Amino acid sequence: MSNDAATEFVNESTKAILNRATNQAKGIGLFARGFLDGTLGEGPSAAVLEKTKLFHTDSVLCGASALALQTNAPVLLRVEALEYPDANGATVYGEPVRVKAEKAIVANSSAAREWDSNGTNFGYNPALGHLAGEFGHNDYYPVAVAACQERGLSGPDALKAMVLIDEIRGRLAEVFSLKTYKIDHVVHGAIASAATYVAVHGGTPEQIEHAIGMFVAHYIPWRAIRAGKQLSDSKGASAAISAEAAVLCARRALKGFVGPKDIFRNPESMFRRFEPTNGDSPFNLHLSHSGDDFAVMGMHFKLGLYEHQSAGALQGVIDLAATRPEVLANGGANIAKIVIRAYEPAFGIIGDPAKRDPHTRQSADHSMVYIVSTLLKKAIHEAAAGTLPTDTDSVWKRIMLMPEDYSQGAINDAETRALMEKIAFEHGGAEYDAKYPDGIPTSVVVTLTSGEVIDSGLVMYPAGHARNTDADLATILETKFGKLGHIAFGSDEAAKTVVARLQSIETLSAEQLLDLYRFDIQTLPAIDA
């Protein structure tokens, strides 16, 4: 690195510190190049690589199953991508033909996010006091794969680029809350995508700075896409569209386009307009380059299809289903009332009164009362059939929410609607708010017709949460992968073959990486029809 690298960040044994008084956009550029080149340290541990592989596998199975069920935006964007062939480009899910990288990225990222079922971060790092609590999801792996396919790089290179994307976006989520200012959380992922794409292509730190500057100056998305009674395709495609824009910025920077410099300290940029300073960036940024302490290690898996803010309530219902059979007895007729208490922002996001009567899948998966009622109905039916297990891991596997639980028939189901009417969703107040985003503080209190009150107790770390130590995550994920894979590929055997390939990405040659997403996706009746 050049002698002025130290002015952009301080390189410690396992991390780089980008001080608020420095040009952090260039600092991210220096970090990204050094991380991929291996000049900053020993690199991520085996545990970090393994967890990243799991999140990537999860996202691909979510995406392939969304395409199989003909969801609108993923199908549309995939067809669009195939209209842009490029012999040196990247591949979309399920097709061998190579297309323009940005088109492959928007198609694949849209598919991965469509179910809202892949990984989540909460922007929480108490050790550093970085508690911004911004959301984010593992939607950007197609950027890493596409860039490496273009460059003729191998599976290990793609996996390391995935870690880089998650590290940059995850650490930004810890220090700057976009949602506070009604800006969509995908901005952090787009910045990470721009930096990683340029770095994979061998661009300079200055070019990375230009790419980040262009995106922040030209493409900031508002959370308007998530407002309203019935949500649109824009909700699921937000990350994809921003990743596409980020890569366009990156490609232009690589060709010599000069974008706004030093964007985090620019007095007219989003960051300083919302959080004014005397000239510095609003935050310090810590980026890990070696060891175990990477942002991805604090990210969370969704064990089925549901908005991540509902995970505590789902765990509460599953705990009661496994231990208190009287809740499910008599076909659920014993239930007089259910009170769910949770924190902000869960109450505001999935407790909005407009979400009590969802009519589309995108709104149903953001409705606490619908999500819980659907899971509860499945538990009631399993209990009536005598097939409900008595341990929580097995209950998760048995009644895991899947795409069919958000079909039009499921959304309008009379039994589900009747259960929804019995649920009150309340803000737990300061006691609950103080425990987020460390956990997902939620309680489920069921009152039976007999008058008996049954309380789940406070759920902090539901299964899938990074700090959960009770659940057998590996086997629950195996079940999820199997269910989604069967939908996508038509058989358990085909699903296992694809999962095995994705889970061995670190062994793939450059030629094999071109076939990473080469699988046959079956066509099923459209879920939203």
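Restricting the first member to the stretch 76-88 and to residues that are in the same structural domain as I241 (by TED's automatic domain parsing), and the second to residues that are β-branched (V, I, T), the beta-carbon pairs closer than 6 Å and six or more apart or on different chains are L77/V106; R78/V92; A81/V92; A81/V99; Y84/V99; P85/V99; D86/V99. Considering only the stretch 335-364, how many residues are buried (at least 18 other Cβ atoms within 10 Å of the Cβ) and closer than 25 Å to I454 by Cα? So the count comes out to 10. Taking the criterion of being buried (at least 18 other Cβ atoms within 10 Å of the Cβ), part of a loop (DSSP other than H, G, I, E, B) and out of contact with any Ser or Thr (no Cβ under 9 Å at 6 or more places or on another chain), the residues of the stretch 240-273 that qualify are G259, N266, S269. Residues of the stretch 112-123 include none that is over 11 Å from the mean Cα position of the chain (by Cα) and either surrounded by fewer than 21 Cβ atoms within 10 Å (Cβ to Cβ) or free of Cβ contacts under 8 Å to residues at least 60 places away in the same chain (or both).
Of the candidates G236, G170, G228, the single residue that is at pLDDT below 95 and either crowded, with 24+ Cβ neighbours inside 10 Å or aromatic (F, W, Y) (or both) is G236. Counting only helices (runs of 4 or more DSSP H) that sit wholly inside the stretch 318-387, those with at least 1 residues that are of a type in the set (S, T, Y) are 361-364, 368-385.
This table checks each residue for (1) of a type in the set (K, R); (2) modelled with pLDDT under 95; (3) over 24 Å from K480 (Cβ atoms).
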residue	(1), (2), (3)
W115	no, no, no
N125	no, no, yes
F135	no, yes, no
D139	no, no, no
A146	no, no, yes
Q149	no, no, yes
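A single entry from S177, S193 fulfils the requirement of being polar (S, T, N, Q) and surrounded by fewer than 24 Cβ atoms within 10 Å (Cβ to Cβ): S177. Checked against (1) under 22 Å from the mean Cα position of the chain (by Cα); (2) closer than 28 Å to P126 by Cβ, G429 passes all but condition (1). Among residues belonging to the stretch 1-19 that are among the acidic types (D, E) and closer than 16 Å to P205 by Cα, point out the one that is modelled with the lowest pLDDT. If we take residues in the stretch 1-19 being among the acidic types (D, E) and closer than 16 Å to P205 by Cα, then D4 is modelled with the lowest pLDDT. The residue pairs whose first member lies in the stretch 277-294 and is more than 20 Å from R33 (Cα to Cα), whose second member is among the acidic types (D, E) and crowded, with 19+ Cβ neighbours inside 10 Å, and whose beta carbons are closer than 9 Å, counting only pairs six or more residues apart or on different chains, are F283/E174.
Pairs are defined by a Cβ separation below 8 Å, a sequence spacing of at least 6 or placement on different chains, a first member in the stretch 445-463 that is surrounded by 17 or more Cβ atoms within 10 Å (Cβ to Cβ), and a second member that is β-branched (V, I, T) and part of a loop (DSSP other than H, G, I, E, B); the pairs so defined are V459/I440; M460/I440; Y461/I440; Y461/T469; P462/I440.
Within the stretch 214-246, the set of residues being among the β-branched types (V, I, T) and under 17 Å from the mean Cα position of the chain (by Cα) comprises I225, I241.
One line per residue, one yes/no per condition, for (1) under 18 Å from P441 (Cα atoms); (2) of a type in the set (F, W, Y); (3) in contact with a helix residue (DSSP H, G or I) (Cβ under 9 Å, 6 or more places away or on another chain):
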| site | (1), (2), (3) |
| --- | --- |
| S269 | no, no, yes |
| F301 | yes, yes, yes |
| S310 | yes, no, yes |
| A313 | yes, no, yes |
| L320 | yes, no, yes |
| R324 | no, no, no |
| L328 | no, no, yes |
| A342 | yes, no, yes |
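In the stretch 492-529, the residue that is surrounded by the most Cβ atoms within 10 Å (Cβ to Cβ) out of those that are closer than 18 Å to K397 by Cα and out of contact with any Leu (no Cβ under 9 Å at 6 or more places or on another chain) is K496. For the stretch 92-143, a residue qualifies if it is assigned to a strand (DSSP E or B) and within 27 Å of S310 (Cα to Cα), and the qualifying residues are T120, N121, N125, H130, G136, H137. Output yes when any residue across the stretch 73-87 is assigned to a loop (DSSP other than H, G, I, E, B), crowded, with 24+ Cβ neighbours inside 10 Å and within 21 Å of the chain's Cα centre (by Cα), and no when none is. Scanning the stretch 73-87 turns up no residue that is assigned to a loop (DSSP other than H, G, I, E, B), crowded, with 24+ Cβ neighbours inside 10 Å and within 21 Å of the chain's Cα centre (by Cα). Is it true that some residue in the stretch 465-476 is of a type in the set (A, V, I, L, M), surrounded by 14 or more Cβ atoms within 10 Å (Cβ to Cβ), more than 24 Å from P358 (Cα to Cα) and out of contact with any helix residue (DSSP H, G or I) (no Cβ under 8 Å at 6 or more places or on another chain)? The answer is yes, given that some residue of the stretch 465-476 is of a type in the set (A, V, I, L, M), surrounded by 14 or more Cβ atoms within 10 Å (Cβ to Cβ), more than 24 Å from P358 (Cα to Cα) and out of contact with any helix residue (DSSP H, G or I) (no Cβ under 8 Å at 6 or more places or on another chain).
The values are calculated or read from the model by the stated rules, or taken from the named source; none is laboratory data. If you're wondering where the values come from, they're calculated on a predicted model, not measured in any experiment. Note: ideal-geometry Cβ built from the backbone for every residue, glycine included; neighbour counts use all protein chains shown.
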